[in-house]
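In what follows, a single structure is set out as structure tokens and then discussed.
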Amino acid sequence: MKLTLLGSLGHINQYTIPAFVKAGHDVTVVTSSEKRVAAIESIGAHAAVGSMKDTEFLTSALTGADAAYLMLSGGFDDSASMDETATKQAIIFRDAVRNAGVNRIVNLSSVGADQGPEVGSLHMYHIIEDTLRELENVNITFVRAVGFYSNWLANIPTIKSDHAIYRNAHAQTVNAMTDPSDIATAIIEELPNLKSTTDVRYVVSDFQTGNQIIETLSKKLNIPDLKWVELTDQQMLTQMEKMGMPTPFAQGMTTSNRRQDSPDFYADLRANLPTLGKVKFSDFAERFVSAYQNS
Ligand SMILES: NC(=O)c1ccc[n+]([C@@H]2O[C@H](COP(=O)([O-])OP(=O)(O)OC[C@H]3O[C@@H](n4cnc5c(N)ncnc54)[C@H](OP(=O)(O)O)[C@@H]3O)[C@@H](O)[C@H]2O)c1
């Protein structure tokens, strides 16, 4: 089967590409960089060099594919709102799929895609899902991943400096988390299944409150006074902007962090809970320790 994948040799595709090649598929991988071509070919796939933001290029990369995997890849226009950026990208995805005549799509989406602007940055996924749903005669599965474990690595600097994780969410709030390898498992199953009847498939590997995360990391890092410090939304926004995050992103992240305190945030996920993925927070904690020691 001919498969085209966005996401280059990223965290998820490090698992999907070898699995698809091993299964005998003819795999084309989109990269924005000529530098990645040799590495892609060495795994037994073809490279298509160009940008997901270019409808003409994406149409040509998708043409002839039996199935395609679409995901947001790379940076965005810092000056635009996240919803504007998502709308633009969603139209490019929709038009390229339509022009190329692909009939099977797996789109990497996110928890929160079922909700409105109250989910902040995650509203991008709602926009993309809605736009792709306009396609007729295309079988689409939305793989809604929860937060990546690796997002917690961003807290290493303040753990080092203040023995603290700062976040605008309660310490008692549950965080659903996952790992790229568990997301890849879902994509590997879904993409070649041209007759899949799965509309939405959540991927979640573990649930941990902020307090539980602190407890695990405190032990693993041997920092007994490690603490969770809840910030106000305004404090979180200011901190993200100080770190150099563009304002639209910082606002979107602040809103989505706070939304997690609402029981509604994970309601659809809980109503459609999949078998949990294999990688647990305790497994990730081992990687966290080596990242901490090497930073
Ligand atoms: N973080 C979370 O909690 C979370 C939750 C739910 C969903 N997600 C989704 O997961 C995605 C990340 O997946 P991942 O970790 O596997 O990806 P990744 O490791 O960030 O890889 C993405 C790759 O895309 C390529 N790329 C960059 N700009 C591009 C462009 N303009 N056109 C085409 N390709 C481009 C880059 O490789 P080259 O340099 O080779 O081009 C980059 O390495 C996010 O975009 C998000 O949508 C994340």
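The values are calculated or read from the model by the stated rules, or taken from the named source; none is laboratory data. Because the structure is a prediction, the values reported are computed rather than measured. Every residue, glycine as well, gets a Cβ built from its backbone with ideal geometry; the counts of neighbours run over all protein chains shown. In case anyone asks, the SASA skips ligands and DNA or RNA and just uses the protein heavy atoms, side chains included. Shrake-Rupley method; radii C 1.70, N 1.55, O 1.52, S 1.80 Å.
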Query - By average C-beta atoms within 10 angstrom, highest first, the peptides 2-8, 42-48 - result: 2-8, 42-48
Query raised in the report: Cα atoms only, region 225-286: Rg and Dmax in Å?
Result: 15.4, 39
**Report entry** Cβ-based net charge around ASP283, under 14 Å, with every Lys or Arg adding one and every Asp or Glu removing one
**Finding:** 0
Report task. Please list the non-local residues whose amide H lies under 5 Å from the amide H of ASN168, H modeled 1.01 Å from N, same-chain partners needing a gap of 5 or more. Result -> LEU231
Query raised in the report: Under unit Cβ charges (Lys, Arg +1; Asp, Glu -1), what dipole magnitude, rounded to 20 debye, does the chain have relative to its Cα centre?
Result: 660
Query raised in the report: What translational D, rounded to a whole number of µm²/s, comes out for the chain from Stokes-Einstein when the hydrodynamic radius is the Kirkwood one over Cα pairs, at 25 °C and 0.890 mPa s?
Result: 122
Report task. Express the C-alpha Rg of region 146-268 as a ratio against the empirical globular expectation 2.2 N^0.38 Å, rounded to two decimals. Result -> 1.22
Requested in this report: Could you work out the longest stretch of the chain that avoids the GluC sites (Glu not before Pro) located in DSSP loops with at most 12 other Cβ atoms within 10 Å?
Outcome: 137-295
Report task. Label region 95-183 by shape, choosing from rounded, prolate and oblate, from the square roots a ≥ b ≥ c of the eigenvalues of the Cα gyration tensor; if a/c is under 1.5 it is rounded, and otherwise prolate applies when a/b is larger than b/c, oblate when it is not. Result -> prolate
Query raised in the report: Tally Lys and Arg at +1 and Asp and Glu at -1 over the other residues with C-beta under 14 Å from the C-beta of GLU190: what net charge comes out?
Result: 0
Requested in this report: Would you work out what percent of the accessible area of the chain, with all protein chains in place, is carbon or sulfur (probe 1.4 Å)?
Outcome: 51
Query - Range of Cα positions in region 46-101 per principal axis (Å), largest first - result: 35, 21, 17
Report summary line: Pseudo-spin-label distance ALA271 to SER51, built 7 Å along Cα→Cβ, given in nm, is 3.9
Report summary line: Karplus ³J(HN,Hα) for region 104-112 (6.51 cos²θ - 1.76 cosθ + 1.60, θ = phi - 60°; Hz, whole; x = Gly/Pro) runs 9, 10, 10, 10, 6, 10, 8, 3, x
Requested in this report: Express the accessible area of region 31-119 per residue in Å², computed with a 1.4 Å probe while the remaining protein chains stay in the model.
Outcome: 44
Report summary line: Result for region 233-295: accessible area per residue, probe 1.4 angstrom, in square angstrom, of 58
Query raised in the report: Counting only pairs 8 or more places apart or on different chains, how many lysine pairs in the chain have C-alpha atoms closer than 14 Å?
Result: 5
